[in-house]
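Working notes, structure below.
The values are calculated or read from the model by the stated rules, or taken from the named source; none is laboratory data. All values reported here derive from a predicted model rather than from experimental measurement. Cβ placement follows ideal geometry from the backbone for every residue including glycine, while neighbour counts extend to all protein chains displayed. Note: areas computed on protein heavy atoms with side chains; ligands, DNA, RNA excluded. Shrake-Rupley method; radii C 1.70, N 1.55, O 1.52, S 1.80 Å.
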Amino acid sequence: MSDRIFAGIWLLLCLGGLMVAWQLHSEYSYEPVGPRPFPLGIIGLMLLCSVSMLLRRPDVVEWPHRQVLQRLLVMVIVLLMYAWGFESLGFPLATAILTAIIGMLFGATLPAAALSGAVLGVTLWFAFDRLLDVTLPLGAWLN
């Protein structure tokens, strides 16, 4: 029952967030798509997830094992380090490290995680910086 209460509250928050995101305007055009699509997309996805939580069949939930809690803690620490080092390391390197560590948390081998992290970091940087004209930092070591 508590997951349905959470989903209902989250649904209301998402609806409020959609109303706020719809009113986003910029006085000058610093990005080709403007400031509105990204928040609308993220909040729309969260809204869909909350609706699916409301409509799904209830399950018996058990507390996660100690190993799962340790992995979650490591993931939170890595995400905080990603946010802290994003500008100094640059988007490609910070994203590659984040992806590699999360890949290893999910059972990938070190070479596979490192390769996928490097490919994802460079590919996402190229997609955002070159194709979408969203400026991302390259880091202090490349400037």
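Points worth noting:
- Residue match in region 50-68 (condition: over 26 Å from residue 13 (Cβ atoms) and open to solvent by less than 90 Å² (accessible area, probe 1.4 Å)): yes
- Selected residue (criterion: farthest from residue 71 (Cα to Cα)) from residues of region 109-138 that are open to solvent by less than 40 Å² (accessible area, probe 1.4 Å) and out of contact with any helix residue (DSSP H, G or I) (no Cβ under 7 Å at 6 or more places or on another chain): 129
- Failed item in (1) in contact with a Pro (Cβ under 7 Å, 6 or more places away or on another chain); (2) open to solvent by 100 Å² or more (accessible area, probe 1.4 Å), with residue 24 passing the rest: (2)
- Residues (under 12 Å from residue 120 (Cβ atoms) and among the acidic types (Asp, Glu)) located in region 84-102: none
- Checking each residue in region 87-102 for being touching a Leu at 6+ places or on another chain (Cβ under 9 Å), assigned to a helix (DSSP H, G or I) and of a type outside the set (A, V, I, L, M) picks out 91, 92, 95, 99.
- Of all residues in region 50-75 being among the charged types (D, E, K, R) and without any contact (Cβ under 8 Å) to a residue 12 or more places away in the chain, the one that is farthest from residue 3 (Cα to Cα): 66
- Test: residue in region 26-45 that is at pLDDT 90 or above and either assigned to a loop (DSSP other than H, G, I, E, B) or not β-branched (Val, Ile, Thr) (or both): yes
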